[in-house]
Amino acid sequence: MLKDITLGQYFPGDTLAHRLDPRTKLLTTVLYIIAIFLAKGPIAYGVLILTLIVSVRISKVGARALFRGLKPVLFIIAFTAVLNLFYTPGTVIAQFWIFHVTREGVITAIAMMLRISLLIMGTFLLTYTTSPIRLTDGLEDLLGPLKKLGVPVHELAMMMSIALRFIPTLIEETDKIMSAQRARGADFESGNLLQRAKALIPLLVPLFVSAFRRADELATAMECRCYHGGEGRTKLHVLRYETRDYLTLAFYAALCAAMIALKKFF
């Protein structure tokens with residue numbers, strides 16, 4: 001299950017999606033999320049699914065990696081769908097004991113599952129195709145106007161990027177600790193829920209120690225380099241919008257407009 005958590009991982013490549021300006025990818029991700037929440041009706045969701053398929057093909061990340069990232073949240077998706085299925089008022093089409101399944105509940109449950117799945121898979125493409133350094137530069141540039149208000153923009157962008165990259169690092173550390181604990185006879189898979197929770201206690205303590213150790217190493221390295229935020233910092237990649245960035249932004253803006261137009265028909 002831990003290996004299925006792909007959030008924060010970066011897949012190097014030289015595709016159109018990788019070459020886009022990080023600011024473009026951040027803005028299009030926001031527009032994509034807005035389009036998902038505006039979507040209503042089968043045509044709208046069909047357009048979003050087609051957009052995701054095309055984006056995956058362009059990025060060459062692979063659909064398997066996206067579906068693998070869904071596994072850790074399948075329970076949340078299923079639980080949300082069940083709640084909408086049984087607790088949405090409307091025309092009853094089936095009944096089981098005290099539970100009523102309504103036509104509106106089925107439609108809402110399907111729409112909710114699609115919405116969450118599209119949201120997760122679409123936003124994962126951001127970290128899959130953007131390196132942590134470029135993601136930090138893009139965030140810092142987009143938040144740049146807040147500098148006039150005294151907001152430490154560079155520090156905020158860097159903390160977001162580090163927090164995102166810490167996820168795969170901690171997953172790797174957790175996998176190593178679990179392997180070591182299994183070698184000592186620990187069992188994380190059998191027993192009831194309470195027994196499994198107790199079995200995780202020997203795992204949490206060394207995991208927290210490892211996380212604090214890595215954070216301390218990072219702080220020490222930055223202090224040794226006399227790090228002072230973004231002041232006087234040179235950049236490996238100069239941010240520059242190109243034609244492909246404008247076309248991508250225009251497409252996602254049109255996507256949001258299409259969702260608004262389709263919403264009027266449903």
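Rule-based calculations on the coordinates, nothing more; no lab input. Everything quoted here is computed from the prediction, not taken from an experiment. Cβ sites come from the backbone with ideal geometry, for glycine too, and all protein chains shown count toward neighbours.
Okay, here's what the table says:
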read-out	value
Unique residue being surrounded by fewer than 17 Cβ atoms within 10 Å (Cβ to Cβ), without any contact (Cβ under 8 Å) to a residue 12 or more places away in the chain and under 30 Å from ILE162 (Cβ atoms) when the list is ALA63, ALA94	ALA63
Filter pass, ARG68 being on the phi < 0 side of the Ramachandran plot, assigned to a helix (DSSP H, G or I) and surrounded by fewer than 17 Cβ atoms within 10 Å (Cβ to Cβ)	yes
Hits in region 30-81 - residues which are under 14 Å from MET113 (Cα atoms) and among the charged types (D, E, K, R)	LYS40, LYS71
